[in-house]
Each structure stands twice: as structure tokens, then as C-alpha cells.
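I have placed the structure first, in the form of C-alpha cells, so that the comments after it can refer back to it.
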Amino acid sequence: MKKLIGPFTQILPLSGLPLKGALTDDQLHIISQGGVLVDDGLIVAVEDFGKLRSANPSVQVEEITGNRVLLPGFVDCHTHICFAGSRAKDYAMRTAGKTYLEIATAGGGIWDSVTQTRAADEATLIDFLTKRINRHLAEGVTTIEIKSGYGLNTNAELKQLKAIKAASDKTHASLIATCLAAHMLPKDFDDTHQQYLNHVLQNLLPVVKQQQLANRVDIFIEESAFNSSDALYYLSRAKQLGFDVTVHADQFTTGGSEVAIKARAVSADHLEASTDYEINMLAKSDTVAVTLPGASLGLGMPYAPARKLLDAGACVAIASDWNPGSAPMGDLLMQAAVMGAAEKLCTAEILAGLTFRAASALKLNDRGVLAKGKLADMQTYPCDDYREILYQQGKLKPDKIWTNVD
Ligand code: NIG
Ligand code: FE
């Protein structure tokens, strides 16, 4: 059924902006006293509220009172929120100056989350996951990518992916699952990295495909995880099985983004260690550069070179990396605002990175802008000027979210 929503003090449709490269704030189109006409979850028109009302006199109106700024819902294209347990002990050790190795030796690191996630039954996992999804949705994140990667054996990876599927029925957010069975070599796998990746290719990915649990495959390329040549082989085989691929790349050392580009991955994520060589390669490619300020904040490390990536011409998205280890906070807007200040990104670049550019990292072109034919995934902020949103660095929360408007 058709519905007219408004008037909004300002609407930022974010439509008509380029997918790649630097932006300036004067490229932002702002509709004052705007309205959105929706029909069956899709946007029909975004323009002056008065005009829409007189052109559609009999349509139902959802009246907005007080100052409100309307944005597209955010797309978080990189999270690991399907986990059980806590790594608060790791965090305390890290802030006290302990090294990665000291933390791992004390029983921390990814393997600790694997142990805790394996021990949780599916119902418990669904419950933890749904709570995190709905917290994210309340903070304006209407599309959430969620990785497995804390199972690291066939049954536990399937348990995670099934939990993600089950959580879809318990939320109004859209969920996109990714298989990250290649997160690290499991400590209980008694063979080489190569053998483990072959094991995943033979025993897990066909089941994931057949049960339609995920369309995407991710791998962590790092000294502590998988090397570039094994990763390239794994990603090309995963593509042959019909998966889109993405990479945890250049987090501490370089190499991963080059593999991502060679494998024609949809995105290369992290990039904190990327140098001019990787930046220029990413800029020339169709691989989205996903920055993860939450991991920099959680680890006390530098941000990815977002400014340089944009200036070189890359498509830069911003995601939370919300996970129990390196990025426990999970407040996407706060992280984007804080990185924006440090990296000198303008408002248009930050909002693009949180919406349509992040959607393109998930190959979704039906969302991330407010325009005719797109999903009516939207959020309002209680303010009269869109610049308040980043200025308040995440403390100003959306007060209304729309998904699947009927
Ligand atoms: O994206 N870098 C690898 N994986 C996660 C961290 C996972 C963890 O510490 O549990 C990340 O930061
Ligand atoms: Fe991650």
C-alpha cells in the first residue's frame, strides 16, 4: 500500500554520487521539508513534501513532527557478531601492553572465541546474535553482513551459518552471511594450512552452497593465518563453486589486497598496513576498499589510509568489524565519525562509505540511497542540520528506523 512519510526538515538521498573516489560536501543534494512516497517497501518518489501531498491527495500519510533529518539506513558490510563469550581478558591485557603472542599464550585470541562458540548450542547462539543485530538496527544499521569463522570445523561453521539464517526471521534488518572458515588454521586440525583449505573446499563449502547458507567466502591473509599463494588457490576454487569472495587484507602486513584484486574479490577489508603500492592497485580495481575503524580503536593501531585511498580513486566503505576480539564496541556511526576526523574525510565521503559504497561491497545495488525503486530502508535523526550527526560523534542516535515499509 502506498504511504507518504514526512515532512522531514532535511532529506539526504545520497543518490547520484560516484561509486569511487573523493567527494566534496557541496555534491550533497539536500531536500528541505521533503517527503518520501513508498509502496510495498520500495521508494516511489523523494521530493518536496507539499508537492507529493498534493499529487497524492488520497494516500495515507505518516506525519513527522519536529525537526528530523532523514538518511538511508546504514549498511555494515563486515561484522563477526555470531559468537559466544567474551574476550574482555584479552582487551585488558592489550591495554596493559601485552603482545599478541603473550595474549595467545594466556589462552586468548581468535581460538578462545572458537572454543566458546563451539561450546554454545545453536539456540543460545541465535539469542546472542539476535540481540546484537537488533542493537545494530536500533542504531540505524538496516543491512548487516555477518561472518562465520568461530566454528572452524564443518559442524560448528554450519551451526554459525544456520544461526545467521535463523536470526533473519527474528529481525527486520537484512542479513548477509559470509563463510569465514579460513579465519585461522584450527589448533585441532592435524595437518597443513593447504590441507585445511582443501578440507573446507571439499567438505564445507559444497554444503554451504547446497543449503543456501551463504553466497560469500572470506579468508584472513596474514602471517598468523593464511599466506597469499594458498589464499589465491582457495579463493579461485571458491569462485568455481559459485561464491563471491572477499579478503581480510593488509591488517598488519601487506599482501592480502594484491590477492584480493587478483581474485577479483568484491572487497579487500582492513588495509591498515596498505602502502602507496596497494592503494594505487585498489584504486584501479573494482574491489571495494573496506576500512574498519573499530579494529583500529580496539587494537590501539593506526587507521586504514582512507584519505589516500579516496584521493587515489578507490571505492571506500566503512564497516564496524564488530567482533569479540579486535573490535568489541560495534558502534558503526561513532567509529566512522572518529575515523573521519582523523583521516580528514568530508561528511559526503563518510555517509557514502556507510551506505551505497558499503552496499556495493556486498554487490547490493537496491539500497544505500533514497531514490525511486530502491528499498525504503531509512532512518531519522532528531536534529535540524545533517552535520549534527557526525558532529555528535555517534552520541546522537536515530529515533526512527524504517525497513520493509508496508
Ligand atoms: O577482522 N583479523 C581477523 N579477524 C578479526 C578479529 C577476530 C578476533 O580477534 O576474534 C578482525 O579483526
Ligand atoms: Fe574482520
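Listed peptides 76-82, 37-43 appear in the order 76-82, 37-43 once ranked by packing, highest mean of other Cβ atoms within 10 Å at the front.
For the chain, what does the accessible surface come to per residue with a 1.4 Å probe? Please give it in Å².
The answer is 39 Å² per residue.
Roll a 1.4 angstrom probe over the protein heavy atoms and tell me the percent of accessible area of the chain that is carbon or sulfur. Of all accessible area on the chain, carbon and sulfur atoms account for 51 percent.
Specify whether the C-alpha gyration tensor of segment 90-236 places it in the rounded, prolate or oblate class, a ≥ b ≥ c being the square roots of the eigenvalues: rounded for a/c under 1.5, otherwise prolate if a/b is larger than b/c and oblate if not. Please list the in-between numbers first.
Values: a/c = 1.78, a/b = 1.15, b/c = 1.55.
Oblate, since a/c reaches 1.5 and b/c is not below a/b.
Where the alpha-carbon atoms of the chain are placed on the principal axes, they occupy 70, 43, 42 Å, in descending order.
Taking the Cα centre of the chain as origin, work out the dipole magnitude from +1 charges on Lys and Arg Cβ and -1 charges on Asp and Glu Cβ, in debye rounded to 20.
On the way: 39 positive and 46 negative charges, 104 e Å.
Dipole magnitude for the chain comes out near 500 debye.
In terms of Cα to Cα distance under 21 Å, which lysines are near enough to LYS374, apart from those fewer than 8 places away along the same chain? Here the lysines satisfying the reach criterion relative to LYS374 are LYS2, LYS3, LYS20, LYS51, LYS363, LYS400.
Counting only complete DSSP H runs, which helices of the chain cover 20 Å or more along their long axis at the Cα atoms and score a mean Kyte-Doolittle of -0.5 or above? Mind dumping the intermediate values first?
Details: long enough: 122-138 (24 Å, -0.07); 154-168 (21 Å, -0.29).
Qualifying helices: 122-138, 154-168.
Springs between alpha-carbon atoms under 10 Å, Gaussian network over the chain: tell me which of THR291, THR275, THR130 tops the mean-square fluctuations. For the chain, modelled as a Gaussian network with Cα springs under 10 Å, the answer is THR275. Largest GNM mean-square fluctuation among ASP366, ASP250, ASP191, using the chain with Cα springs under 10 Å: ASP191.
The Cα center of segment 53-110 and the Cα center of segment 128-162 differ in position by 12 Å. Look at where the Cα atoms of segment 248-291 and of segment 208-232 average out, and the two centres are 15 Å apart.
The values are calculated or read from the model by the stated rules, or taken from the named source; none is laboratory data. These numbers were taken from a predicted model, which means no experiment stands behind them. A quick note on method: Cβ atoms are made from the backbone with ideal geometry, for glycine too, and the neighbour counts reach across all protein chains shown. Heads up: the accessible areas ignore ligands, DNA and RNA and are worked out on the full protein's heavy atoms, side chains in. Shrake-Rupley method; radii C 1.70, N 1.55, O 1.52, S 1.80 Å.
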